Amino acid sequence: MKRLSQQQVDSYRKDGYLVVPDLLSSSMMEALQEATAVMIAKAAKVGKSDSVFDFTSGPEPELRRIKAPERHQAAYAQVLVANEVLDCIEDLIGGDIRFWASKLNLKQPQGGQAVEWHQDWAFGPATNDDVLTIGLALDDATVENGCLLVTPGSQVGPVLDHWREGRFVGGVMERTFPVEEAVPLEVRAGGMTIHHVRTLHGSAPNHSAKQRRLLLYTYAAADAWPLSGVSDQADFDAKMLRGKAPAAPRLEQVPVRAWPRWEEEELAGDTSIFDFQDRSGASLFS
């Protein structure tokens, strides 16, 4: 079923992002809120980063991310494959859709950590760039509580440098792009943001008294295969959500820079983007 208008599709193609308001039903939102409350209660008993939870460092750690949430609560898994979501994805990248990755980012009131400017493509490119990430808002996302910021049109520009002194830091630490052109993706709870895999984006700290939780899923056209290779074809094809898995990838002329080799990366285990960005010792949101 077609969900997006041609105007919305054209806007995404031009700018590399889209906001779809009021996508999820009240019952979906209620299930997600309940699942999140359960996970936050479990995290409180753990209190430190592990393979599921990611906390800030310091004397009073704050939960900032739940990794692969669909593995731990049915509500997340159900929304991952909901027609309301997949229909929008199909309108943008076609009917053969593969799941790539997920996380639930939490910005706590009065200090939720910034996510430095970055392009998802820098973490691992593919044979083509029909790859995107959606953000399902569990709370109203505003400028004050650290909503996503994007730079329009950056998805057709260069891949920027995400390295510093020979180490991958998962962020662009030099002002080599027009920060002043950033657009805030404000959206009410139940709405969805979409950004292209090469769109430059980030989010500022939460300076408000309200939390900001964003459920993030990355989807790809089934013929977009990671350039790092596919070690287990059966497992790769098990992530198909709609349509058919192709026998071979589609090769497009896309810009590529060096990306981290995760098998050699000392932070490749129970970590998140925050751990890489902490390496830089700098922030463009200071």
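The values are calculated or read from the model by the stated rules, or taken from the named source; none is laboratory data. These numbers come from a predicted model, not from an experiment. Every residue, glycine among them, receives a Cβ derived from its backbone with ideal geometry; neighbour counts consider all protein chains shown.
Out of curiosity, is Leu284 surrounded by 16 or more Cβ atoms within 10 Å (Cβ to Cβ), part of a loop (DSSP other than H, G, I, E, B), touching a Lys or Arg at 6+ places or on another chain (Cβ under 7 Å) and not aromatic (Phe, Trp, Tyr)? Answer is yes for this residue. Within the stretch 130-149, if we keep just the residues that are out of contact with any helix residue (DSSP H, G or I) (no Cβ under 8 Å at 6 or more places or on another chain) and outside any loop (DSSP other than H, G, I, E, B), the residue that is surrounded by the fewest Cβ atoms within 10 Å (Cβ to Cβ) turns out to be Leu149.
For Arg212, the criteria (1) under 21 Å from Asn83 (Cβ atoms); (2) touching a Gly at 6+ places or on another chain (Cβ under 8 Å); (3) among the basic types (Lys, Arg) hold in every case but one, which is (1). It is to be established whether one or more residues within the stretch 190-211 are under 22 Å from Glu144 (Cα atoms), surrounded by fewer than 20 Cβ atoms within 10 Å (Cβ to Cβ), of a type in the set (D, E, K, R) and out of contact with any Lys or Arg (no Cβ under 6 Å at 6 or more places or on another chain). Yes, that holds for at least one residue.
Looking at the stretch 57-74, can you tell me whether even one residue there is of a type in the set (A, V, I, L, M), free of Cβ contacts under 8 Å to residues at least 24 places away in the same chain and out of contact with any Leu (no Cβ under 9 Å at 6 or more places or on another chain)?
Here is the first cut: in the stretch 57-74, the ones of a type in the set (A, V, I, L, M) are 63, 66, 68, 74.
Filter again for free of Cβ contacts under 8 Å to residues at least 24 places away in the same chain, leaving none.
There is no residue in the stretch 57-74 that is of a type in the set (A, V, I, L, M), free of Cβ contacts under 8 Å to residues at least 24 places away in the same chain and out of contact with any Leu (no Cβ under 9 Å at 6 or more places or on another chain).
When the stretch 57-98 is filtered for residues that are within 22 Å of Ala221 (Cα to Cα), assigned to a strand (DSSP E or B) and among the charged types (D, E, K, R), only Arg98 remains. Of all residue pairs spaced 6 or more apart or on separate chains, those with beta-carbon atoms under 8 Å, a first member in the stretch 16-33 that is more than 14 Å from Val187 (Cα to Cα) and at pLDDT 95 or above and a second member that is of a type in the set (D, E, K, R) and assigned to a helix (DSSP H, G or I) are Ser25/Glu84; Met28/Glu84.
Could you check the stretch 150-168 and list, in sequence order, the residues that are buried (at least 22 other Cβ atoms within 10 Å of the Cβ), of a type outside the set (A, V, I, L, M, F, W, C) and within 21 Å of Ser283 (Cβ to Cβ)? The answer is Thr151, Ser154, His162.
Name the single residue that is modelled with the lowest pLDDT among those in the stretch 106-124 being within 25 Å of Leu160 (Cα to Cα) and touching a Lys or Arg at 6+ places or on another chain (Cβ under 8 Å). Spell out the reasoning first.
The first filter runs over the stretch 106-124 and keeps only residues within 25 Å of Leu160 (Cα to Cα), leaving 113-124.
Now narrow it down to the ones that are touching a Lys or Arg at 6+ places or on another chain (Cβ under 8 Å): 113, 119-122.
Details: Gln113: 90, Gln119: 98, Asp120: 98, Trp121: 98, Ala122: 97.
Per the stated criteria, the residue is Gln113.
Every residue, every condition in (1) more than 16 Å from Thr56 (Cβ to Cβ); (2) out of contact with any helix residue (DSSP H, G or I) (no Cβ under 8 Å at 6 or more places or on another chain); (3) exposed (fewer than 15 other Cβ atoms within 10 Å of the Cβ); (4) at pLDDT 85 or above, yes or no:
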residue: Ala234; (1), (2), (3), (4): yes, yes, yes, yes
residue: Ala238; (1), (2), (3), (4): yes, yes, yes, yes
residue: Arg242; (1), (2), (3), (4): yes, no, no, yes
residue: Pro249; (1), (2), (3), (4): yes, yes, no, yes
residue: Gln253; (1), (2), (3), (4): yes, yes, yes, yes
residue: Trp259; (1), (2), (3), (4): yes, no, no, yes
residue: Trp262; (1), (2), (3), (4): yes, yes, yes, no
residue: Glu265; (1), (2), (3), (4): yes, yes, yes, no
residue: Ala268; (1), (2), (3), (4): yes, no, yes, no
